[in-house]
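The block underneath contains the structure these notes are about, expressed in structure tokens.
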Amino acid sequence: NISSLNLVYAAEEFDELTYRNILLQYEADHPKHFNLHFVVNNPPPGWIGGVGFVSEQVLSRHIQRPSADLLVVICGPPVMQRVVKSILQSQGYDMDRVRTVDETSSGPSAKL
């Protein structure tokens, strides 16, 4: 049972934010259960979202604190996945509950 979903969606360029309008509409339709935060490394003029990379500050501000029922899924380039996992580990997240879409394991639940 998923009660809420926080999505940090990062891209180099604004135009790379695929499904941006669909995600914004979903957030508007489900404000208590879906929170969306965009981060763009090269923002267009007038951009009011996040700027830069997925950093410790971005994660601290936009994802839930560590808990026994929290699952964190990371999708992105391998270097970004490693950086985010390192940040989450330093913040006390249970690394058995942090997954990347590229992981493989002999365990049945390692790849979502």
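Of the residues making up segment 18-65, those that are among the β-branched types (Val, Ile, Thr), assigned to a strand (DSSP E or B) and open to solvent by less than 80 Å² (accessible area, probe 1.4 Å) are Val39, Val40. Cβ-Cβ distances below 6 Å connect the following pairs, each with a first residue in segment 6-17 that is open to solvent by 50 Å² or more (accessible area, probe 1.4 Å), a second residue that is among the aliphatic types (A, V, I, L, M), and a separation of six or more residues or different chains: Leu7/Leu36; Phe14/Val40. Among residues of segment 46-67 that are of a type in the set (A, V, I, L, M), those with a Cβ under 6 angstrom from a residue that is assigned to a loop (DSSP other than H, G, I, E, B), sequence gap 6+ or separate chain, pair up as Val51/Pro43.
I need the full set of residues from segment 69-87 which are under 19 Å from Ile2 (Cβ atoms) and surrounded by 16 or more Cβ atoms within 10 Å (Cβ to Cβ), in order please. Once the filter is applied, which keeps residues that are under 19 Å from Ile2 (Cβ atoms) and surrounded by 16 or more Cβ atoms within 10 Å (Cβ to Cβ), segment 69-87 yields Val72, Ile74.
Put simply, of Val101, Val54 the only residue that is touching a helix residue (DSSP H, G or I) at 6+ places or on another chain (Cβ under 7 Å) and at pLDDT below 95 is Val54.
The values are calculated or read from the model by the stated rules, or taken from the named source; none is laboratory data. Predicted model, so just to flag it, every value in this text is computed and none were measured. Cβ coordinates were reconstructed from backbone atoms using ideal geometry, including for glycine residues, and neighbour counts include every protein chain displayed. Remember, those area values only see protein heavy atoms, side chains included, never the ligands or the DNA or RNA. Shrake-Rupley method; radii C 1.70, N 1.55, O 1.52, S 1.80 Å.
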